[in-house]
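A quick write-up on the structure given underneath.
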Amino acid sequence: MNSDNPDPIIFVRGVNKTYPGGFQALKNIDLDIKRGEIFALLGPNGAGKTTLISIICGIVNATSGTITADGHDTVRDYRAARASIGLVPQELHTDAFESVWATIKFSRGLFGKAPNAAYLEKVLRDLSLWDKRDQKIMALSGGMKRRVLIAKALAHEPTILFLDEPSAGVDVELRHDMWRMVHGLRAQGTTIILTTHYIEEAEDMADRIGVINKGELIVVEDKERLMRKLGKKQLALVLRKPMASIPAGLNAWPLTLSDDGQALIYSFDTQKEESGIAELLRALGEHGIDFKDLQSTESSLEDIFVSLVHKPMGARE
Amino acid sequence: MNIYGIRAIYHFEMARTFRTLWESIAAPVLTTSLYFIVFGKAIGSRMGDIDSVSYGAFIIPGLVMLNLLNESISNASFGIYMPKWAGTIYELLSAPVSWAEVLLGYVGAAATKSVVLGLLILGTARLFVPYEIAHPLWMVAFLLLTAVTFSLFGFIIGLWADSFQKLQVVPMLVVTPLTFLGGAFYSVNMLPPLWQKITLFNPVVYLISGFRWSFYGIADVNVAISIGMTFGFLIICLAFVWWVFKTGYKIRN
């Protein structure tokens, strides 16, 4: 899963994690994250996404392997490595009795940064939390708590931001605010790594996609390239007269007949230079098959994701 | 060194104390005042002097130690257990702080609270019983050393505990009995010869004995041994915490 990027901001090599009970959560992970990109890590529940993030951030020890963050080894030079990383965890872990202001001030200090009230004010204003700064966290809604966690992660001005399932349990408005903020951070040069269950979000936001399943990183690819490489297009030809079966002369074409016999479905690979549509239409004409409408559809990232995680390991490319 | 990190942890913990001022400070002071009234005034007035020290004055160092040990352990164990329980420990584990800095923050705050409480109790005792401090610098030294050592011990309990019940087990079932049997209310010399030997296995005997020596110049065991035992326990606790952070035992696995 190595990229051609000569200066990755995160460099993961040969990382394994076996928990004390014997469960192997990560298997020989290699991964490069490019400086300044938005990287989406997708995978079903229990795939190893949070374990990988936790190891990079220093929360969990890897069983073996090496990781650098912004050029610093996360074990030997953990101070510099961790100072460059901000983490928004999946769960709403907050200090319930603290005020919003006190908790982000704590986070900034903990990460070794001198106090800077003006910067913290900006963070809170950007997240629409400034009016809540004196409120105790326990009095905030779930969405507001999520914003507080983002503010805590940004309090020490990290160059790398991990968002672990940031959309889980938040309303549409907050989600849009959050993604606006993510784009803003990227524009300022922050590298963003996110995990999400909302695959359409990854499709909208990410520059590159990584898919992890059962502890193995099965694909890391530029989003557009991934969709071209693994995506399929379908052309539906709505027939003038329904048919019971596909004529034998068309067996060479990857055609399927809809259940009601009203449409022929032609699947083709987006990667090939020729779609074969022109030849198909000619062949249909030769067989006297007339149609009244054409509809073309493209597979979504979700389709690709589902096909990747359900395909047997040996069948993947 | 991450000075800002140490300060952040220390202030966070001290702020927790101020939020719970009644439980943290007022309650132990009140409880100890009751001890002074009951044992110092009511019962103490009917008891003879011990080594020329009135009974009311004799129990002051022991009562201060009793509170110092309990508060140090409970402050530090609660301080590190709460983030574990609430899940906020992710931030501490992902922060650029070393184990020594984490200790300075948590143990420093817990020890500060205990020392303040110990001094408050000493001040309160003055209202009930007259006493003098023969070696004030040694008294402060014992106070600090004990507060730091047992805050460290409390920190270990907080790391080890995975339930509120476990958090209470060691202070309630081990430390409190050892303190009561450690000579807080009596001199070891008052015990039968066999128990005098057995009681020397109780580490709290050395703490109370040394601390009482700093007040009245009388001790059940040699002062140098008291200091040596406390330092020994401090080093064992430090070594254990170092190992925990090195291996990630119970926190990074």
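Taken together, the residues in segment B:154-204 that are under 13 Å from the mean Cα position of the chain (by Cα) and over 19 Å from B:I80 (Cβ atoms) amount to 5. Return yes or no: is A:L124 open to solvent by less than 10 Å² (accessible area, probe 1.4 Å) and within 27 Å of the chain's Cα centre (by Cα)? For A:L124, the condition - open to solvent by less than 10 Å² (accessible area, probe 1.4 Å) and within 27 Å of the chain's Cα centre (by Cα) - is met. Only a single item in (1) more than 9 Å from every other protein chain (Cβ to nearest Cβ); (2) without any contact (Cβ under 8 Å) to a residue 60 or more places away in the chain is not met by A:A69, and it is number (2).
Among the residues of segment B:1-40, those that are within 14 Å of chain A (Cβ to nearest Cβ), among the small types (G, A, S) and within 22 Å of the chain's Cα centre (by Cα) comprise B:A15, B:S24. When B:I43 is tested against the conditions (1) within 14 Å of another protein chain (Cβ to nearest Cβ); (2) surrounded by fewer than 18 Cβ atoms within 10 Å (Cβ to Cβ); (3) in a helix (DSSP H, G or I), the lone failure is (1). Quick check on A:E203: is it assigned by TED's automatic domain parsing to the domain that holds A:A47, open to solvent by 50 Å² or more (accessible area, probe 1.4 Å) and in a helix (DSSP H, G or I)? It is true that A:E203 is assigned by TED's automatic domain parsing to the domain that holds A:A47, open to solvent by 50 Å² or more (accessible area, probe 1.4 Å) and in a helix (DSSP H, G or I). The helices (runs of 4 or more DSSP H) found wholly in segment B:156-208 and carrying at least 3 residues that are open to solvent by less than 70 Å² (accessible area, probe 1.4 Å) and out of contact with any Pro (no Cβ under 7 Å at 6 or more places or on another chain) occupy B:164-170, B:176-180.
I'd like to check something: does segment A:44-55 contain any residue that is without any contact (Cβ under 8 Å) to a residue 60 or more places away in the chain, in contact with a helix residue (DSSP H, G or I) (Cβ under 7 Å, 6 or more places away or on another chain) and not polar (S, T, N, Q)? Scanning segment A:44-55, I find no residue that is without any contact (Cβ under 8 Å) to a residue 60 or more places away in the chain, in contact with a helix residue (DSSP H, G or I) (Cβ under 7 Å, 6 or more places away or on another chain) and not polar (S, T, N, Q), so the answer is no.
So which residues in segment A:82-97 are out of contact with any Gly (no Cβ under 7 Å at 6 or more places or on another chain) and at the interface with chain B (Cβ under 8 Å from one of its Cβ atoms)?
Across segment A:82-97, the qualifying residues are A:I85, A:L87, A:P89, A:T94, A:D95, A:A96, A:F97.
Of the residues making up segment A:175-189, those that are open to solvent by 10 Å² or more (accessible area, probe 1.4 Å) and either assigned to a strand (DSSP E or B) or of a type outside the set (K, R) (or both) are A:H176, A:D177, A:W179, A:M181, A:H183, A:G184, A:L185, A:A187, A:Q188, A:G189.
The values are calculated or read from the model by the stated rules, or taken from the named source; none is laboratory data. All of these numbers come straight from a predicted model, not from anything done at the bench. All Cβ positions, glycine included, derive from the backbone under ideal geometry; neighbour counts span all protein chains shown. Quick note on the areas: whole protein, heavy atoms, side chains included, nothing else; ligands and nucleic acids left out. Shrake-Rupley method; radii C 1.70, N 1.55, O 1.52, S 1.80 Å.
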